Amino acid sequence: MRLIVNGQERSFQSPIDVRGLLDALGLGDTLVAVERNREIVPRAEYASTPLEENDEIEIVHFVGGG
């Protein structure tokens with residue numbers, strides 16, 4: 001399955017959901033915000049949000065600082 005992740009084309013085995021994508025990227029336990037096709041995906045829905053061919057995914061990491 002072809003996805004655009006943070007502006008880069010990537011291939012993943014399907015079916016895959018947001019949780020599976022984060023796991024595949026090594027971000028399973030990392031606090032991130034995920035946007036799918038310009039809509040925020042609530043963290044509670046990661047495992048129940050399937051991804052489709054050509055979805056555009058943005059993943060944002062939180063960084064502390066002042």
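The table below lists the values:
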| quantity | calculated |
| --- | --- |
| Evaluation of residue 65 against (1) exposed (fewer than 13 other Cβ atoms within 10 Å of the Cβ); (2) modelled with pLDDT of 95 or more (one fails), failing number | (2) |
| Yes/no for residue 22 being part of a strand (DSSP E or B) and touching a residue at least 12 places away in the same chain (Cβ under 8 Å) | no |
| Candidate set from segment 27-53 (those that are assigned to a loop (DSSP other than H, G, I, E, B) and hydroxyl-bearing (Ser, Thr, Tyr)); member that is farthest from residue 16 (Cα to Cα) | 30 |
| Matching residues, segment 1-44, being within 16 Å of residue 62 (Cβ to Cβ) and of a type in the set (S, T, N, Q) | 6, 30 |
| Among residues of segment 54-66, those that are assigned to a loop (DSSP other than H, G, I, E, B) and more than 11 Å from the chain's Cα centre (by Cα), counted | 6 |
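The values are calculated or read from the model by the stated rules, or taken from the named source; none is laboratory data. All values reported here derive from a predicted model rather than from experimental measurement. We place every Cβ from the backbone using ideal geometry, glycine too, and count neighbours over all the protein chains shown.
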